[in-house]
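Report on the following structure.
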Amino acid sequence: GAVPVPENTAEAVTGAVAAALDNVRRHAGDEPHAWVLVESEAGTVTVTVRDDGPGIPAGRLDTAASEGRLGVSQSIRGRISELGGEVVIVSAPGQGTEVELRVPVT
């Protein structure tokens with residue numbers, strides 16, 4: 001069913017999900033699969049983007065940010081942080097990646 005949220009929340013989460021899916025297209029191999037799950041709990045919406053790609057090597061996100069490549073740090077974390085939310089990224093080589101976006105809603 002529908003998960004109603006304020007317009008600014010919808011726009012920021014949509015942008016962050018689009019960035020996560022763009023990363024799947026770019027980095028998860030020739031025929032990647034991705035799943036998007038939306039959960040609504042009292043006062044919080046959680047959107048999870050999961051893929052079956054090769055995973056992110058340890059330290060890669062920090063290296064990318066220090067090199068000025070701000071895809072994850074700004075396009076995903078920055079958008080969600082502006083809403084007072086948080087991003088949790090779980091990834092291991094050979095096990096895919098999961099990006100969880102948690103945002104408060106009123």
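The values are calculated or read from the model by the stated rules, or taken from the named source; none is laboratory data. All of these numbers come straight from a predicted model, not from anything done at the bench. Here the Cβ positions follow ideal geometry from the backbone for every residue, glycine too, while neighbour counts run over all protein chains shown.
What tally of residues in the range 47-88 results from selecting those that are of a type in the set (V, I, T), at pLDDT 80 or above and surrounded by fewer than 16 Cβ atoms within 10 Å (Cβ to Cβ)? Reasoning before the result, please.
Kept after step one, since they are of a type in the set (V, I, T), are these residues of the range 47-88: 47-49, 56, 63, 72, 76, 80, 87-88.
Remaining after also requiring at pLDDT 80 or above: 47-49, 76, 80, 87-88.
Pick out the ones that are also surrounded by fewer than 16 Cβ atoms within 10 Å (Cβ to Cβ) and you get 88.
Of the residues in the range 47-88, 1 are of a type in the set (V, I, T), at pLDDT 80 or above and surrounded by fewer than 16 Cβ atoms within 10 Å (Cβ to Cβ).
Could you look through the range 89-106, keep only residues that are in a strand (DSSP E or B) and more than 19 Å from V3 (Cβ to Cβ), and pick out the one that is farthest from the chain's Cα centre (by Cα)? Explain how you work it out, then say what you get.
First, the residues of the range 89-106 that are in a strand (DSSP E or B): 89-91, 97-104.
Now drop any that are not more than 19 Å from V3 (Cβ to Cβ), which leaves 89-91, 97-98.
Details: I89: 7, V90: 10, S91: 12, T97: 10, E98: 8 Å.
Across the range 89-106, the extreme among qualifying residues is S91.
Restricting to the range 11-24, give me the number of residues that are surrounded by 15 or more Cβ atoms within 10 Å (Cβ to Cβ) and out of contact with any Lys or Arg (no Cβ under 7 Å at 6 or more places or on another chain).
Our first condition is that a residue be surrounded by 15 or more Cβ atoms within 10 Å (Cβ to Cβ); within the range 11-24, this holds for 12-13, 15-17, 19-21, 23-24.
After this cut, where a residue has to be out of contact with any Lys or Arg (no Cβ under 7 Å at 6 or more places or on another chain) as well, the list is 13, 17, 19-21, 23-24.
Number of matching residues: 7.
Which one is farthest from the chain's Cα centre (by Cα), of the residues in the range 1-57 that are closer than 18 Å to G84 by Cα, among the polar types (S, T, N, Q) and assigned to a helix (DSSP H, G or I)?
Out of the qualifying residues, it is N8.
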